[in-house]
Amino acid sequence: MLIPFDNSYARLPDAFFTLIEPIPVSAPVMIRLNHDLVTELGIDVARLDSPEGLGILSGNQRADGSEPLAMAYSGHQFGGFSPQLGDGRAILLGEVVRHDGVRHDVQLKGSGRTPFSRDGDGRSALGPVLREYVVSEAMAALGVPTTRALAAVASGDNVVREGLMPGGVFTRVAQSHIRIGTFQWFASRRDHDNLKVLADYVIQRHYPDAQHDENPYLALLDGVIQRQAKLIAHWMQLGFIHGVMNTDNMTVSGETIDYGPCAFMDIYDPAKTFSSIDHQGRYAFANQAPIGHWNLTRFAETLLPLLDDDPKRSVAEAEVALGMFAEIHQTELQERFTAKIGIEGGDTGDWSMVESLLAAMADGEADFTLVFHHLSDALESGNDDDITPLFNRPAAIVAWLTVWRARLQDCDRSQAVALMRRTNPVFIPRNHRIEEAIRAGNGGDFAPFHRLNDVLQHPFTAQAEFTEYEAAPLPDEVVHATFCGT
Ligand code: AMP
Ligand code: MG
């Protein structure tokens with residue numbers, strides 16, 4: 001087998017999915033194949049980087065061992081419940097078990113209509129394919145749990161969006177594509193038998209230790225809460241705004257999924273949103289933890305029938321578990337942000353210092369990534385000349401720098417600098433660079449896309465040949481809105 005498929009989801013009851021073949025595209029061309037990830041999955045690069053491989057990764061050819069299917073799921077979108085979502089433009093080809101024993105889904109996105117497509121065409125424009133490739137691989141290199149990009153293919157067909165756009169097919173790899181919305185699919189149908197099948201499957205696949213717990217379903221809930229609370233803190237460390245935290249876009253594995261309208265902030269603004277449809281700021285930067293908690297509450301609700309035979313006790317157990325979210329998240333956030341200013345295991349006083357820095361950045365309209373990156377240089381050199389120009393109103397930062405230097409006076413400076421350098425990236429996938437890569441790609445030039453991917457493979461390392469990718473956008477380069485791929 002070219003891809004060593006070993007499928008388990010296809011063994012679950014029929015209610016979990018619909019078997020469906022990808023619909024071929026006209027003239028597929030490989031744009032980028034992720035050789036490292038191919039190898040990690042135990043696939044031979046030379047064999048996949050071939051006409052046969054292109055056939056598989058465009059949906060034109062059935063791979064041996066593949067059992068293509070569209071997964072069923074529901075979801076709360078912007079707070080409103082949609083009972084019938086599911087893979088409308090994605091098809092799970094099958095699963096591969098990596099050398100370390102971790103099972104991974106291999107999924108095509110943009111591979112044609114399925115029974116879940118509703119009014120959609122089942123396709124993807126090339127732009128969102130390139131965006132997801134760049135951002136998900138950047139997140140992986142930044143150390144954030146995430147779905148991965150295996151391949152980007154140009155389809156040779158046009159799709160109708162804002163006018164005609166070139167189309168693409170994306171191959172996504174994930175520890176699984178099971179979402180909170182997958183649980184909601186069965187819970188909203190009161191199908192408790194299949195809900196239990198799903199929970200047992202998820203425990204076995206993602207939380208094997210929970211099997212030995214006194215109450216495995218409660219341990220599952222605790223596990224998902226823990227991973228998501230930490231994941232959101234990790235996003236915030238990097239200035240990442242997911243943009244569409246619907247319950248169908250939140251995995252139970254704890255991986256970031258769905259890079260539609262996501263963006264990394266340039267100027268720090270806790271109320272920042274990019275998504276063109278997020279009018280209320282529901283998924284704003286600083287609202288991500290409260291929304292994560294809201295989504296996990298929906299998850300807990302689906303598990304109530306499994307937690308205890310006594311409904312009152314189920315609710316009480318779920319409430320205790322959900323009550324842990326804020327503390328887990330805050331502890332993680334504090335550790336990550338105090339590391340950003342060179343302090344390991346910071347206390348609440350150090351957290352206040354972080355908060356006043358963030359307030360100064362918001363007030364001074366300073367670039368989130370540049371400030372933290374240059375702080376490590378400033379600590380090393382003792383010179384603040386690169387910091388203050390990043391702020392429109394520098395008074396607050398000048399005062400803050402004095403307090404910060406005093407705090408670090410007795411610390412090992414080289415250790416603090418090293419901590420900052422592995423916490424504060426030099427390179428993030430800036431919106432204007434992504435847009436530049438997409439514009440060129442839509443015109444058939446993938447050089448900027450490749451260059452952007454290359455630099456982002458080592459986000460914490462200064463790379464002299466790529467310095468232009470460090471810079472914040474010029475005023476006329478600033479991207480104000482992002483769009484879902486739909
Ligand atoms: P998303 O915005 O990617 O989270 O998608 C939300 C839902 O809309 C999912 O059920 C998708 O499968 C479906 N969807 C999004 N775009 C399309 C499309 N072009 N064709 C069919 N279904 C789509
Ligand atoms: Mg989605």
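I'm trying to understand the selection: among the residues of the range 439-463, which are open to solvent by 20 Å² or more (accessible area, probe 1.4 Å), closer than 20 Å to MET165 by Cβ and of a type outside the set (Gly, Ala, Ser)?
Within the range 439-463, ARG439, ASN442, ASP445, PHE446, PRO448 meet the criteria.
Has the range 222-242 got at least one residue that is within 15 Å of ligand 1 (Cβ to nearest atom) and not aromatic (Phe, Trp, Tyr)?
Step one: list which residues in the range 222-242 are within 15 Å of ligand 1 (Cβ to nearest atom), which gives 242.
Add one more test, that the residue is not aromatic (Phe, Trp, Tyr), and what stays is 242.
Checked against the condition, which is being within 15 Å of ligand 1 (Cβ to nearest atom) and not aromatic (Phe, Trp, Tyr), the range 222-242 yields at least one hit.
Can you name the residue in the range 250-271 that is within 14 Å of ASN431 (Cα to Cα) and surrounded by fewer than 22 Cβ atoms within 10 Å (Cβ to Cβ) and is also nearest to ligand 1 (Cβ to nearest atom) among such residues?
It comes out as GLY260.
Residue by residue, here is whether (1) farther than 30 Å from THR388 by Cβ; (2) in contact with an Asp or Glu (Cβ under 8 Å, 6 or more places away or on another chain); (3) in a helix (DSSP H, G or I); (4) within 16 Å of ligand 1 (Cβ to nearest atom) holds:
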{"residue": "PRO305", "(1), (2), (3), (4)": "yes, no, yes, no"}
{"residue": "LYS312", "(1), (2), (3), (4)": "yes, no, yes, no"}
{"residue": "GLU319", "(1), (2), (3), (4)": "yes, no, yes, no"}
{"residue": "GLU335", "(1), (2), (3), (4)": "no, no, yes, no"}
{"residue": "ILE343", "(1), (2), (3), (4)": "no, yes, no, no"}
{"residue": "GLY349", "(1), (2), (3), (4)": "no, no, yes, no"}
{"residue": "MET353", "(1), (2), (3), (4)": "no, no, yes, no"}
{"residue": "MET361", "(1), (2), (3), (4)": "no, no, yes, no"}
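Note down all Cβ pairs under 9 Å where the first residue falls in the range 104-127 and is assigned by TED's automatic domain parsing to the domain that holds ALA72 and of a type in the set (Asp, Glu), the second is within 7 Å of ligand 1 (Cβ to nearest atom) and not in a helix (DSSP H, G or I), and they're at least six residues apart or on different chains.
ASP121/ARG89; ASP121/ARG113
Of all the helices (runs of 4 or more DSSP H) wholly in the range 375-486, which have at least 2 residues that are within 27 Å of the chain's Cα centre (by Cα) and farther than 19 Å from GLY143 by Cβ? Step through it out loud before you land on a result.
Numbers: elements: 395-408, 413-421, 431-442, 447-456.
Result: 431-442, 447-456.
Kindly evaluate HIS279 against the criterion of being surrounded by fewer than 24 Cβ atoms within 10 Å (Cβ to Cβ), outside the structural domain of PRO145 (by TED's automatic domain parsing), more than 16 Å from ligand 2 (Cβ to nearest atom) and free of Cβ contacts under 8 Å to residues at least 12 places away in the same chain. First the steps, then the outcome.
Numbers: surrounded by fewer than 24 Cβ atoms within 10 Å (Cβ to Cβ): yes; outside the structural domain of PRO145 (by TED's automatic domain parsing): yes; more than 16 Å from ligand 2 (Cβ to nearest atom): yes; free of Cβ contacts under 8 Å to residues at least 12 places away in the same chain: yes.
Yes.
Step by step: first the residues of the range 70-81, then only those that are in contact (Cβ under 8 Å) with a residue 24 or more places away in the chain and open to solvent by less than 60 Å² (accessible area, probe 1.4 Å), then the one that is farthest from ligand 1 (Cβ to nearest atom). Which residue is that? Give the steps one after another, and end with the answer.
Within the range 70-81, the subset in contact (Cβ under 8 Å) with a residue 24 or more places away in the chain is 70-79, 81.
From what is left, the residues that are open to solvent by less than 60 Å² (accessible area, probe 1.4 Å) are 70-76, 79.
Values: ALA70: 8, MET71: 10, ALA72: 10, TYR73: 7, SER74: 9, GLY75: 7, HIS76: 11, GLY79: 14 Å.
Restricting to residues being in contact (Cβ under 8 Å) with a residue 24 or more places away in the chain and open to solvent by less than 60 Å² (accessible area, probe 1.4 Å), the top hit is GLY79.
Any residue at all in the range 212-225 that's more than 16 Å from ligand 2 (Cβ to nearest atom), under 29 Å from HIS480 (Cβ atoms) and among the aromatic types (Phe, Trp, Tyr)? Steps first, please.
First, the residues of the range 212-225 that are more than 16 Å from ligand 2 (Cβ to nearest atom): 212-225.
Then keep just the ones that are under 29 Å from HIS480 (Cβ atoms); that gives none.
No, every residue in the range 212-225 fails to be more than 16 Å from ligand 2 (Cβ to nearest atom), under 29 Å from HIS480 (Cβ atoms) and among the aromatic types (Phe, Trp, Tyr).
Does GLY168 satisfy being within 20 Å of VAL106 (Cα to Cα), out of contact with any His (no Cβ under 9 Å at 6 or more places or on another chain) and part of a loop (DSSP other than H, G, I, E, B)? Working first, answer last.
Values: within 20 Å of VAL106 (Cα to Cα): yes; out of contact with any His (no Cβ under 9 Å at 6 or more places or on another chain): yes; part of a loop (DSSP other than H, G, I, E, B): no.
No, not satisfied.
More than 16 Å from ligand 2 (Cβ to nearest atom), charged (D, E, K, R) and in contact (Cβ under 8 Å) with a residue 60 or more places away in the chain: does that describe GLU137? Before the answer, list the steps.
Numbers: more than 16 Å from ligand 2 (Cβ to nearest atom): yes; charged (D, E, K, R): yes; in contact (Cβ under 8 Å) with a residue 60 or more places away in the chain: yes.
Here the answer is yes, as GLU137 does meet what is asked.
Just one of ASN287, ASN295 is within 16 Å of ligand 1 (Cβ to nearest atom) and not in a loop (DSSP other than H, G, I, E, B); which is it?
Details: ASN287 fails: within 16 Å of ligand 1 (Cβ to nearest atom).
Matching residue, one of ASN287, ASN295: ASN295.
Anything in the range 222-248 that is among the hydrophobic types (A, V, I, L, M, F, W, C) and over 13 Å from the mean Cα position of the chain (by Cα)? List them, or say none.
Step one: of the range 222-248, the residues among the hydrophobic types (A, V, I, L, M, F, W, C) are 224-225, 229, 231-233, 235-236, 238, 240-241, 244-245.
Answer for the range 222-248, where residues must be among the hydrophobic types (A, V, I, L, M, F, W, C) and over 13 Å from the mean Cα position of the chain (by Cα): VAL224, ILE225, ALA229.
Would you mind finding the one in GLU95, GLU40, GLU67 that is open to solvent by less than 20 Å² (accessible area, probe 1.4 Å), among the charged types (D, E, K, R) and either without any contact (Cβ under 8 Å) to a residue 40 or more places away in the chain or within 19 Å of GLN175 (Cβ to Cβ) (or both)? Show your work before the answer.
On the way: GLU40 fails: open to solvent by less than 20 Å² (accessible area, probe 1.4 Å); GLU67 fails: open to solvent by less than 20 Å² (accessible area, probe 1.4 Å).
On inspection, the qualifying residue turns out to be GLU95.
The values are calculated or read from the model by the stated rules, or taken from the named source; none is laboratory data. In this text the structure is predicted, and so the values were computed from the model without any measurement. Note that each Cβ is placed from the backbone with ideal geometry, even for glycine, and that neighbours are counted across all protein chains shown. When the accessible area is computed, the model is the full protein with side chains, heavy atoms only, and any ligands, DNA or RNA have been set aside. Shrake-Rupley method; radii C 1.70, N 1.55, O 1.52, S 1.80 Å.
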